[in-house]
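The values are calculated or read from the model by the stated rules, or taken from the named source; none is laboratory data. Being a predicted model, the structure only gives us computed values, none of them experimental. Neighbour counts are summed over all protein chains in view; Cβ atoms, including those assigned to glycine, are modelled from backbone coordinates with ideal geometry. The protein model used for the area step is the full one, side chains on, heavy atoms only, and it has no ligands, DNA or RNA in it. Shrake-Rupley method; radii C 1.70, N 1.55, O 1.52, S 1.80 Å.
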Amino acid sequence: SAFPLPFFPPPILLSSNCTKTANQLNCSCEMEGKPTPVTHWFLNGQPVSPSSQMVTNELLDGSHLRSIITVNEPQYRDLSTLLCFSSNSLGSASKQFFVSFVESSRENQGLTFSLFNWLNL
């Protein structure tokens, strides 16, 4: 066949996660593999161009890669699924991030206020 059997697909590490600020969503996808894996991101099933300014790739060492995608407001309001796909010549792996956005600015302000009250005691 055109592709070798997936003996050792590059696993996506548990350290992969998303963080959200008021106007930005940052998701990181970390993987290890030899040869060094290639990463592709999909927003709501649509591929993100590897040359997109939304994506930053960092080679942490010879086999450990971190790919970070940054989705700005208002684009992330319509976002429901985010998929990181990692592959090398030996196989592939993927991780899906389920993204749900709840208006939380009031909660955050309340939390900050509570923390400051607590700190002032």
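Within region 13-58, the percentage of alpha carbon pairs spaced more than 17 angstrom apart rounds to 42%.
With Cα atoms as the point set, region 17-98 shows a radius of gyration and Dmax of 12.6, 39 Å. The modelled label-to-label distance for the pair ASN72/LEU14, using points 7 Å beyond Cα in the direction of Cβ, is 3.6 nm. LYS34 exposes around 150 Å² of accessible area when a 1.4 Å probe is run over every protein chain in place.
All other residues whose Cβ lies under 13 angstrom from that of LEU59 are scored, Lys and Arg at +1 and Asp and Glu at -1, for a net of -2.
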